[in-house]
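Below is one structure, written out as structure tokens; comments come after it.
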Amino acid sequence: MGLDVFAAPSPEKKLTRGDRRAFEKAEVELAGGMYSGDPGSFRGKLYVYLVQHLTGVSLYQEWIPPETVARMSKSLDRCDPEAAIRTYDGPYDDERTPEDVISLRDFFRVCV
């Protein structure tokens, strides 16, 4: 099985229509999976190691608290996408681009 990542206000709640519109407006361009790919979600398996490289946090968690998501977002805001890709040496490294870093930044910014 893969790792699908879904934004949500809490473990029990799903995104509202307004939340989904915020993700659509941000034009996040991350690969989707079998169940993910709608606004507010992405195929985490493709980005899990890059996210960990950039934020120090693993996506392999059932729930990531809002405080941690905010720290992740700040880490992504501070990084230079070009430099981040140059220093990334992990799975899918030949497929990751600076645009992926920008999309991850946009995704986590909307989450916050």
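Any residue at all in region 56-68 that is in a helix (DSSP H, G or I), among the aromatic types (Phe, Trp, Tyr), in contact with a helix residue (DSSP H, G or I) (Cβ under 9 Å, 6 or more places away or on another chain) and farther than 18 Å from GLU95 by Cα?
Initial filter on region 56-68 (in a helix (DSSP H, G or I)): 66-68.
Subset that is among the aromatic types (Phe, Trp, Tyr): none.
No, region 56-68 contains no residue that is in a helix (DSSP H, G or I), among the aromatic types (Phe, Trp, Tyr), in contact with a helix residue (DSSP H, G or I) (Cβ under 9 Å, 6 or more places away or on another chain) and farther than 18 Å from GLU95 by Cα.
The condition (being outside any loop (DSSP other than H, G, I, E, B) and either among the small types (Gly, Ala, Ser) or under 25 Å from ASP89 (Cα atoms) (or both)) is satisfied by just one residue among LYS45, LYS25: LYS45. The single condition among (1) without any contact (Cβ under 8 Å) to a residue 40 or more places away in the chain; (2) assigned to a helix (DSSP H, G or I) that ASP100 does not satisfy is (1).
Can you tell me which of LEU76, LEU54, LEU46 is farther than 20 Å from GLU27 by Cα and either in contact with a Ser or Thr (Cβ under 6 Å, 6 or more places away or on another chain) or surrounded by 18 or more Cβ atoms within 10 Å (Cβ to Cβ) (or both)?
Details: LEU76 fails: farther than 20 Å from GLU27 by Cα; LEU46 fails: farther than 20 Å from GLU27 by Cα.
Only one candidate qualifies: LEU54.
In region 9-22, which residues are without any contact (Cβ under 8 Å) to a residue 12 or more places away in the chain and either assigned to a loop (DSSP other than H, G, I, E, B) or among the aliphatic types (A, V, I, L, M) (or both)? PRO9, GLU12, LYS14, THR16, listed by residue number. Please enumerate the residues belonging to region 93-112 that are closer than 12 Å to PHE23 by Cα and aliphatic (A, V, I, L, M). Matches in region 93-112: LEU104, VAL110, VAL112. Scanning region 28-42 for residues that are buried (at least 16 other Cβ atoms within 10 Å of the Cβ), part of a loop (DSSP other than H, G, I, E, B) and of a type in the set (Ser, Thr, Tyr) yields a total of 1. With respect to the stated conditions, VAL51 is under 16 Å from GLU99 (Cα atoms), part of a helix (DSSP H, G or I) and modelled with pLDDT of 95 or more.
The values are calculated or read from the model by the stated rules, or taken from the named source; none is laboratory data. Quantities reported herein were computed from a predicted structural model and do not represent experimental measurements. Quick reminder, even Gly has a Cβ in these numbers, built from the backbone with ideal geometry, and neighbours come from all protein chains shown.
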